[in-house]
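Read the structure below first, then the notes.
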Amino acid sequence: MADWYLVSETEYDYLYVDTGTIKIDGQFRTIWGLSELKKLNPETHAQSSHHLKEFNCSKNMERILSITTYSEKNAEGDALGSLSFGNWKKVRANTAAREVLNFVCNMR
């Protein structure tokens, strides 16, 4: 059972972290996250996504290792698509992504 913690709310979605899955390796954090859209995405018909992310806390960077979108909230319903990435990108200040980075990087 996931232990979802609401880390950030934006105009468009809610961002959760499963605190039971946070892995700490020095400056790196790996987490499972959940994004719930406030409104159905009319192009993809997605209402949520479940993702595996890695953060480099010392460099304020993140990369999505995998993401799956779902037709219903809470990563339920039909899986609509899945992608794998891996490229690091800088996390900008004053964003929901930075709130998530700060949250997971403060975990010890």
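The values are calculated or read from the model by the stated rules, or taken from the named source; none is laboratory data. Quantities reported herein were computed from a predicted structural model and do not represent experimental measurements. Virtual Cβ from ideal backbone geometry, glycine too; neighbours counted across all protein chains shown.
Summary table below
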read-out: Every residue from region 24-65 that is among the hydroxyl-bearing types (Ser, Thr, Tyr) and out of contact with any helix residue (DSSP H, G or I) (no Cβ under 6 Å at 6 or more places or on another chain); value: Thr30, Ser35, Thr44, Ser49, Ser58
read-out: Segments classed as strands (runs of 3 or more DSSP E), wholly inside region 31-108, with at least 2 members that are of a type in the set (Asp, Glu) and surrounded by fewer than 13 Cβ atoms within 10 Å (Cβ to Cβ); value: 76-84
read-out: In region 26-40, the residues that are modelled with pLDDT of 95 or more and either over 20 Å from Asp3 (Cα atoms) or not small (Gly, Ala, Ser) (or both); value: Gly26, Gln27, Phe28, Arg29, Thr30, Ile31, Trp32, Leu34, Glu36, Leu37, Lys38
read-out: Test for Glu36: is it free of Cβ contacts under 8 Å to residues at least 12 places away in the same chain and among the acidic types (Asp, Glu); value: no
read-out: Residue satisfying all of: in region 1-28; of a type in the set (D, E, K, R) and farther than 20 Å from Asn94 by Cα; nearest to the chain's Cα centre (by Cα) among these; value: Asp18
read-out: Any hit, region 3-16, residues being more than 21 Å from Ser84 (Cβ to Cβ), assigned to a loop (DSSP other than H, G, I, E, B) and touching a residue at least 60 places away in the same chain (Cβ under 8 Å); value: yes
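Yes/no per residue for (1) of a type in the set (A, V, I, L, M); (2) closer than 26 Å to Ile24 by Cβ; (3) out of contact with any Phe, Trp or Tyr (no Cβ under 9 Å at 6 or more places or on another chain):
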residue: Glu62; (1), (2), (3): no, yes, no
residue: Thr68; (1), (2), (3): no, yes, yes
residue: Glu72; (1), (2), (3): no, no, yes
residue: Glu76; (1), (2), (3): no, no, no
residue: Ala79; (1), (2), (3): yes, no, no
residue: Phe85; (1), (2), (3): no, yes, yes
residue: Lys90; (1), (2), (3): no, yes, yes
residue: Thr95; (1), (2), (3): no, yes, yes
residue: Glu99; (1), (2), (3): no, yes, yes
